[in-house]
Amino acid sequence: AQKVTQAQTEISVVEKEDVTLDCVYETRDTTYYLFWYKQPPSGELVFLIRRNSFDEQNEISGRYSWNFQKSTSSFNFTITASQVVDSAVYFCALREETSGSRLTFGEGTQLTVNP
Amino acid sequence: AAGVIQSPRHLIKEKRETATLKCYPIPRHDTVYWYQQGPGQDPQFLISFYEKMQSDKGSIPDRFSAQQFSDYHSELNMSSLELGDSALYFCASSLGLGDKTGKMNTEAFFGQGTRLTVV
């Protein structure tokens, strides 16, 4: 069965600090997809990134970067030079190819960036 | 760009009443998903539709039903509401992921959610 674990329930940093959000997943599928979503205080879920299991290249988008390591079943998310607007709950999610199109979410990490 | 539209944004109902949530997917998207997010919890998959047919079913109570219409919009009908149904309900849409053998690795885009409060 698929499972996503985000061990960090809450993280608090000061603006301009770098912060890494951890995500560990479990799956028996060889083909699967990993996602990160951001949920700001306003409540909407904002798509950030999708990673396919057969593509282990790390990705950088502005201040955001993602480190995908199949060997440790991890898909960590780093925010460089954090800003107050980064304060949100961040969810890691997994979709298995054999489990249809549903997403299984981790429990989320509440990130608070203080000025 | 057009996003997923959900209505209403907020809804207050009394116990045992019924509620209908509506979702309008991104144009050209053929798959719609419904998720329920309780307070302080992660979103839980309820049900999905692909080309107007139910494609997957998660932890949706029997009191709930949903369908996708010919214009691809979807409605989630909730009856005999209970206090525990109070949650944020998300609709999401995607292109080409509805059937279980779908190979297209596209992402699902979420609406802003409907916050249901049952009193």
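We did not get these values from a lab; they are worked out from the coordinates using the rules stated. Since the structure is predicted, the reported quantities are computational estimates derived from the model, not experimental observations. For neighbour counting, all protein chains shown are included, and Cβ atoms are generated from backbone atoms with ideal geometry for every residue, glycine included.
Report the percentage of all Cα-Cα pairs in the protein assembly as shown whose separation exceeds 24 Å, rounded to a whole percent.
On the way: 12246 of 27261 pairs.
Result: 45 percent of Cα pairs exceed 24 Å.
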Margin query: How big is chain A along each principal axis, measuring the range of its Cα positions in Å and listing the largest first?
Written below: 44, 27, 21
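Sorted by packing (mean other beta-carbon atoms within 10 Å per residue), highest first, where do B:107-113, A:34-40 land?
Details: B:107-113: 22.6, A:34-40: 20.3.
Per-residue mean Cβ counts within 10 Å order the peptides as B:107-113, A:34-40.
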Next item on the list: Arrange the peptides B:85-92, A:43-50 so that the one whose residues have, on average, the most other Cβ atoms within 10 Å appears first.
Entry: B:85-92, A:43-50
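Considering only Cα-Cα distances, which of the following residue pairs are longer than 27 Å: A:LYS16/A:LYS38; A:LYS38/B:LYS15; A:LYS3/B:LYS15; A:LYS3/A:LYS38; B:LYS15/B:LYS57; A:LYS3/B:LYS22? Let's see the in-between values first.
Values: A:LYS16/A:LYS38 19 Å; A:LYS38/B:LYS15 32 Å; A:LYS3/B:LYS15 33 Å; A:LYS3/A:LYS38 19 Å; B:LYS15/B:LYS57 25 Å; A:LYS3/B:LYS22 29 Å.
With Cα atoms farther than 27 Å apart: A:LYS38/B:LYS15; A:LYS3/B:LYS15; A:LYS3/B:LYS22.
What ranking of B:HIS73, B:HIS10 emerges when the number of other C-beta atoms within 10 Å of each C-beta is taken as an exposure proxy, fewest first?
Details: B:HIS73 16, B:HIS10 9.
Ranking B:HIS73, B:HIS10 by Cβ neighbours within 10 Å, fewest first, gives B:HIS10, B:HIS73.
Could you tell me what % of all Cα pairs in region B:30-70 have separations over 12 Å?
Details: 466 of 820 pairs.
Above the 12 Å cut-off, region B:30-70 has 57 percent of its Cα pairs.
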Notebook entry, point to check: How many partner chain Cβ atoms sit within 10 Å of a residue's Cβ in peptide B:40-46, on average, as a whole number?
Noted result: 6
Margin query: Can you find, among B:GLN54, B:TYR72, B:VAL119, the residue sitting farthest towards the positive end of the charge dipole of chain B, where Lys and Arg contribute +1 and Asp and Glu -1 at Cβ?
Written below: B:VAL119
